[in-house]
1. Accessible area per residue for the range 110-229 in Å², computed with a 1.4 Å probe and the full protein assembly in place, what is it?
2. Would you calculate the separation in nanometres between label points at E123 and E216, each defined as 7 Å from the Cα along the Cα-to-beta-carbon direction?
3. Under a point spin-label approximation (7 Å from Cα along Cα-to-Cβ), what is the R237-D70 distance to one decimal in nm?
4. If I stretch the segment between T102 and T230 completely, what's the gain in nm (0.36 nm per residue apart, minus their alpha carbon distance), one decimal?
5. For the range 278-323, with all protein chains present and a 1.4 Å probe, just round the carbon and sulfur fraction of the accessible area to a whole percent.
6. Pop out the carbon and sulfur fraction of the accessible area of the range 194-266 as a percent, whole number, probe 1.4 Å.
7. Classify the range 205-323: rounded, prolate or oblate, from the alpha-carbon gyration tensor (a ≥ b ≥ c, eigenvalue square roots; a/c under 1.5 rounded; otherwise prolate if a/b is larger than b/c)?
8. Taking all pairs of distinct Cα atoms, average 1/r, flip it, and tell me the Kirkwood hydrodynamic radius of the range 55-124 in Å to one decimal place.
Amino acid sequence: MSTPEDRATSMPEGTTSGGPRLSTTPGTPPASSGTPREGAASGEPREGATPSTPEGPQRDTHPRADCAIDSDGRITFRLPPTPGAHPQLLLLLRPKKGRPETTRHVLDLELDRSDDHRHAVLEPHPSLDEGRWDVYLLPEPGAERRRLRPGLRDLRTLVDGHLRDRPSPVAVRIPYVTKDGFLALRAWRRTAHAEARAIDLTNRAMTVTARLHGAELHEDATVRLRLRGTDTVRGLRPRTDEDGRGFSFTVGAGDLTDDGGGAARIWDVFVRPTAEAPQIRVGRLLDDLADRKHVYVYPVIETDGSALRPYYTVDNDLAIEVT
C-alpha cells in the first residue's frame, strides 16, 4: 500500500536501471530503479544460472558471446575460438506463438588471428524487423544451430540515447538476456517515435514530458488517449517546445471517464503531430533497458473514487490503467 508521500513522486529524466551498464556477470537481471512488484518469486533460480542436479551442478556447454553496441546502433559480437572452417552467427526473429520461423539474418564470423577469437558485425542498416531476435552459432553453413549465452555486454553508449534526435525511421536494438539465460536482441522499427522522459505524479494528476523523433509538432498537435479495445478517444492539447520536438501534457482520472463503466480500463497514449498526420505511440525505447514493465513501477493516484496508474507495456509503450 503506497503512502501519501509515495504518491507525490517522479522518475527523473534519463533514469535507467542502474546507469551505464557494462555487464560482467552474464545472465544477471538489471537492478530495479522503481518499486519492486509484489509477488516476485524468491525461490526461482537466477536467470542464466547453471542448473543443478542431486549429484551437483551440470556443466553448461553453450558457447558465450561478448557484444558491444556503438552510438550508431552497430553491434559487434565476439566469440572464443570456434571449431569449423566457416562459422556463422544466426539472428532469428522469434515468431508469434503457433507461427513458423521465417525471418533470419546470418553474419560470417571472421577470424582474429591474434588470439583465434571470432567476431561478427551487425551494421545499423538494414534495420531489423520489430521484435525479439534470438542469437545462435552455426559451426558451419547448414549445421545444427547452437544457442548462445551472454558474455560481456557493453551497453554504455545506449544510456543517454534519449539525448540524441533520431531521424525517420527510428530504429532501436538492445542486446539483453532472456529469462532462461540466453543472448537475444530487442528491436524496434517505427516511422516516428515519441520518447517519454519524465512522469511526475501528484495526488490528483500525472504530467508526462516527452520528445518526438522522426517528425515535428505543429500548432494543431494533440495527445490522444485511446481506450484499449474500443474507438473511444480522449484528446488533450500538449504544451510544446519552440523546436517542435519536445512536449508535455497533464492528465487526471477525470479526463479518462468511460461512459460504459466496467472495472479496469487501459488507455494507450499517442501523439498526433498535426490534425492530418498518423498518430505516434508514446513510449520509452532510447536507452539500455530492453524490458521496462516490471522495472519502472509507479504508485497509484487515488482521487474522486478512481485510481490511476501509468505503466509501460511489454513493448515499452506508455499506457494508463484506471480502476
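The values are calculated or read from the model by the stated rules, or taken from the named source; none is laboratory data. What you see is a predicted model; the values in this text were computed from it and never measured. Cβ atoms come from the backbone with ideal geometry, glycine included; neighbour counts cover every protein chain shown. The accessibility values were calculated without ligands, DNA or RNA, using every heavy atom of the protein model including side chains. Shrake-Rupley method; radii C 1.70, N 1.55, O 1.52, S 1.80 Å.
1. It amounts to 45 Å² per residue over the range 110-229.
2. 3.1
3. Computed distance between label sites R237 and D70 equals 4.7 nm.
4. Values: separation 128, 0.36 × 128 = 46.08 nm, distance 3.18 nm.
Between T102 and T230, full extension yields an extra 42.9 nm.
5. On the way: 720 of 1400 Å².
Here it works out to 51 percent.
6. On the way: 1500 of 3600 Å².
In the range 194-266, the share of accessible area belonging to carbon and sulfur is 42 percent.
7. Numbers: a/c = 1.76, a/b = 1.26, b/c = 1.39.
It is oblate, given that a/c is not under 1.5 and a/b is not larger than b/c.
8. Numbers: mean 1/r = 0.0700 Å⁻¹.
Hydrodynamic radius (Kirkwood, Cα pairs) of the range 55-124 is 14.3 Å.
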